[in-house]
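A quick write-up on the structure given underneath.
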Protein chains: 2
Amino acid sequence: MSPRAPAAFRMTEQAYLVLLALSPEPLHGYAVIGAVRDLTDGATVLGAASLYGALDRLTAAGLVEPAGEAVVDGRVRRYYRVTEAGHRAAQQETERLRALAARAERTLRGDRPTGPGALGDLAGSPA
Amino acid sequence: MSPRAPAAFRMTEQAYLVLLALSPEPLHGYAVIGAVRDLTDGATVLGAASLYGALDRLTAAGLVEPAGEAVVDGRVRRYYRVTEAGHRAAQQETERLRALAARAERTLRGDRPTGPGALGDLAGSPA
DNA sequence: ACAGGATGTATCGGTCGCCGATATATATCG
DNA sequence: CGATATATATCGGCGACCGATACATCCTGT
């Protein structure tokens, strides 16, 4: 009925990386780029458009919030801070990735999912 | 100069999940949906458009290839198989995710990246 | 003095991945 | 005989991503 819902937040990998980079301490935009590059060993280098897009979406979702400004050497720095909900989301997504990677390693190794400790094993193969 | 490069393959999460689902054995499209749902404990349920889009891209990138057809109960099944390059890509992406999740857990736990065993520890924090 | 690069912010436009909806066909169940 | 499940595939729109661009300030090299 509502003409257009605000489009639910999607935890993309880049949004996750930004959230992760801001987790230890508040940073300003430009510093986030470097933090993400370090986190990924240089594999992911955000451009400005990607960075601010991700920050906007994270802010709109309430996972990140502005944390004041500072002027250093005449240049403005706008800081961002992870909210409580943001910390929870970061931990949740991290656990999801860890579980997925673990499952993937087992799958690639050739283990049948019938082993013990397999959390949610669904009903037998549909066919 | 070439007017349009074929757009390099991007290993998105969904493409990765499809690749992973096909790794143990060849499957037909519809079965991949179920396999991905199982792999992710129901978190990711592909629609037809997402599935065939991912299969097309994986095939174009040479990570997956057609593996014949079969008619079961009057319905056609088109099978897909992971290529050698596909297996390598799957292992590589799995390792990337594992490393990222591990780094993320350390980051969220508050560990300084100066700890032992940290593979690529970059230069000290820029600021 | 001035050009160029690094720092720092932000927006625009195009490409492309994702996803709901839709279409077609067959077998099965109520 | 319609609904549901299996199985294929495409279309159209939305939105994430990214290169390019713009603007301002400070530092360095020539």
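Bear in mind these aren't lab numbers, they're just calculated from the coordinates by the rules spelled out. Just so you know, these numbers come straight off a predicted model, no measurement behind them. Quick reminder, even Gly has a Cβ in these numbers, built from the backbone with ideal geometry, and neighbours come from all protein chains shown.
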Chain B - percent relative contact order, Cα under 8 Å, separation 6 or more: 22 percent
Label distances, nm, B:ALA85 versus same residue in remaining copies, Cβ-directed 7 Å point: 4.3
Per-residue [θ]222 nm for chain B (sum of -39500 (n - 2.57) over DSSP H runs n ≥ 4, rounded to 500): -15500 deg cm²/dmol
Residues whose placed amide H lies under 5 Å from that of B:ARG77, excluding near-sequence neighbours: B:ALA70, B:VAL71, B:VAL72
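Please state the shape class of the protein assembly as shown: rounded when a/c is under 1.5, otherwise prolate if a/b exceeds b/c and oblate if not, all from the C-alpha gyration tensor.
The shape class here is prolate.
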Pair A:GLU25, B:ARG81: separation of 7 Å Cα→Cβ label points (nm): 5.5 nm
GNM result for chain B, Cα springs below 10 Å: residue of B:THR44, B:THR107, B:THR59 fluctuating most strongly: B:THR107
Cβ-vector label at 7 Å, A:GLY110, separations to other copies in nm: 4.5
Alpha-carbon Debye profile of the stretch A:13-99, log10 I(q)/I(0) at 0.12, 0.16, 0.22, 0.26 Å⁻¹: -0.33, -0.58, -1.08, -1.40
Under 5 Å, built H, 5+ apart or other chain: amide partners of B:LEU27: B:TYR80
³J(HN,Hα), Karplus 6.51/-1.76/1.60, whole Hz, each residue of the stretch B:96-103, x for Gly, Pro: 4, 5, 4, 5, 5, 4, 5, 4
